[in-house]
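Enquirer: I'd like to ask you about the structure that follows.
What follows draws every value from the coordinates through simple rules; no lab data is involved. Please read all numbers here as calculations on a predicted model, not as lab measurements. Cβ: placed from backbone, ideal geometry, glycine included. Neighbour counts: every protein chain shown.
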Amino acid sequence: MRKEWLAGLVALAIVGLVGYVWLAPPAREPAPAVELPMLDGGRAELAAYRGEPVMLVFWATNCPTCIDEMPDIVALHEDLAADGLNILGVAMAYDPPERVRALVERRGLPYDIVLDEEGAIANAFDEVRLTPTTVLIDPEGGIVWQRIGHLDFPAVRDDIRAMLPGGPAA
């Protein structure tokens, strides 16, 4: 009788382990370690944002979709930055800094803007060439998703809230 119990416990442990491995979420690809030259002249490392979610938005001043979704990005920033969301607008290498600065001022963008003047950041994120391309990074530094084109902002908001303190488990 003891052998049957022991065999049953071993079988249960194996089934539990297999279930965990089978159903556990896949490990996320880590975000590249990149330096972020800011429009204001400062510099930061992407790794400095570890512990909080980051949304990178690759954009260009001549991209109508980028301009169109800026109010939604501003709204995300206004609603969730105090809870820990970091939004970084990454201006593409082909955009002159003075044109980027003029658009940021004209639009009153409240989130940080990065100048990817040499294209190193875009290259590090699977050679981003199309705008807008948005990358969501979790607090552990893993890439949650990378999307091209206009975003479904209610779904994005849900994804971000799940990563913030007090949000549902991601």
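Enquirer: Could you work out the relative contact order of region 18-170? I mean the mean sequence separation of Cα pairs under 8 Å and 6+ apart, divided by the number of residues, in percent.
Expert: 31 percent
Enquirer: Between residue 126 and residue 106, how many nm apart are label points set 7 Å from Cα along the C-beta direction?
Expert: The modelled label-to-label distance comes out at 3.1 nm.
Enquirer: List the trypsin sites (Lys or Arg not before Pro) in region 75-170 that DSSP assigns to loop (not H, G, I, E or B) and whose Cβ has at most 16 other Cβ atoms within 10 Å. Which are they?
Expert: Loop-located and lightly packed - 129.
Enquirer: OK, next. Could you run the Karplus curve 6.51 cos²θ - 1.76 cosθ + 1.60 with θ = phi - 60° over region 97-106 and give me ³J(HN,Hα) per residue in whole Hz, x for Gly and Pro?
Expert: x, 5, 6, 4, 4, 5, 5, 4, 5, 5
Enquirer: Write down the percent of antiparallel bridges among all DSSP beta bridges whose residues are both part of region 33-170, to the nearest 5.
Expert: 60 percent
Enquirer: Scan around residue 39 for amide H atoms under 5 Å from its own, H built in the peptide plane at 1.01 Å from N, and keep only partners 5 or more places away or cross-chain.
Expert: Long-range HN contacts for residue 39: 113, 114, 115.
Enquirer: Of all GluC sites (Glu not before Pro) in region 75-138, which ones are in loop regions per DSSP and have a Cβ with at most 12 other Cβ atoms within 10 Å?
Expert: 118, 127
Enquirer: Could you list which residues have their amide H under 5 Å from that of residue 31, counting only those 5 or more apart in sequence or on another chain, with H placed in the peptide plane?
Expert: It is 142, 143, by chain and number.
Enquirer: Give me D for region 22-110 in µm² s⁻¹, whole number, from Stokes-Einstein with Rh from the Kirkwood sum over alpha-carbon pairs, 20 °C and 1.002 mPa s.
Expert: Roughly 146 µm²/s, to the nearest whole number.
Enquirer: For region 134-141, in order, what is each residue's ³J(HN,Hα) by Karplus, 6.51 cos²θ - 1.76 cosθ + 1.60 with θ = phi - 60°, in whole Hz (x at glycine and Pro)?
Expert: Calculated HN-Hα couplings, in order: 10, 10, 9, 10, 7, x, 8, x Hz.
Enquirer: Can you run phi through the Karplus equation (6.51, -1.76, 1.60; θ = phi - 60°) for region 42-50 and list ³J(HN,Hα) in whole Hz, with x for Gly and Pro?
Expert: x, 9, 8, 9, 4, 4, 5, 8, 4
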